[in-house]
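A short reminder: the numbers here are calculations on the coordinates, not readings from a lab. None of these values were measured; they are calculated from a predicted model. Here the Cβ is made from the backbone with ideal geometry for all residues, glycine too, and neighbour counts use every protein chain on show.
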Amino acid sequence: MTVDLGILSQDSASLKPPEQADARLTAPAPPPPSKLFPYQCLTTLPRPRLTHARRSHASPQVIVGFTCVTIAGAVGQFYWAGGDSAKLSTFPVLTSLKNTVVYHMGSIAFGAFIIAVIQLVR
């Protein structure tokens, strides 16, 4: 009595070599690379000068605005505390940094955009 288990059977004489194995047990051939990655790279960037101009003008303005608002917040805390250290927060610069990120980042980015557009037009 022999039981067929696909490639192997109980009978050692009826072993099938791998090339004659059942087709459902073999892995399919991988697709060619063009089918794997159908996306084709662009050879040119659309309007690279405008993109470069926008990034090169706006980024420094964001950094300058962020720095100015952070320093202004720390100095404002000191001014409104009247020089009394009991009225100041523990870390005024870190508190000002947090307020800048949470409450003022959109205004800074919008201002940097306006300055970049004006510089681009000039």
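Okay, here's what the table says:
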{"quantity": "Environment charge at Ala74 (Cβ cut-off 15 Å; Lys +1, Arg +1, Asp -1, Glu -1)", "calculated": "+2"}
{"quantity": "Sequence-separation-based contact order of the range 48-121, relative, with Cα cut under 8 Å and 6+ spacing, percent", "calculated": "51 percent"}
{"quantity": "Computed lengthening from Ala86 to Val121, 0.36 nm per intervening residue step minus Cα-Cα distance", "calculated": "7.7 nm"}
{"quantity": "Stretch gain in nm, segment Asn99-Ser59, where the contour uses 0.36 nm per residue and the Cα spacing is subtracted", "calculated": "12.4 nm"}
{"quantity": "Derived scalar couplings ³J(HN,Hα) [the range 78-93; Karplus, 6.51 cos²θ - 1.76 cosθ + 1.60; whole Hz; x for Gly, Pro]", "calculated": "5, 5, 6, 7, x, x, 7, 5, 6, 8, 7, 6, 5, 10, x, 5"}
{"quantity": "Förster radius 25 Å - calculated FRET efficiency between Ala109 and Phe78, Cβ distance, rounded to 0.05", "calculated": "0.40"}
{"quantity": "Principal axes of the range 48-121: Cα extent on each, largest first, Å", "calculated": "54, 17, 14"}
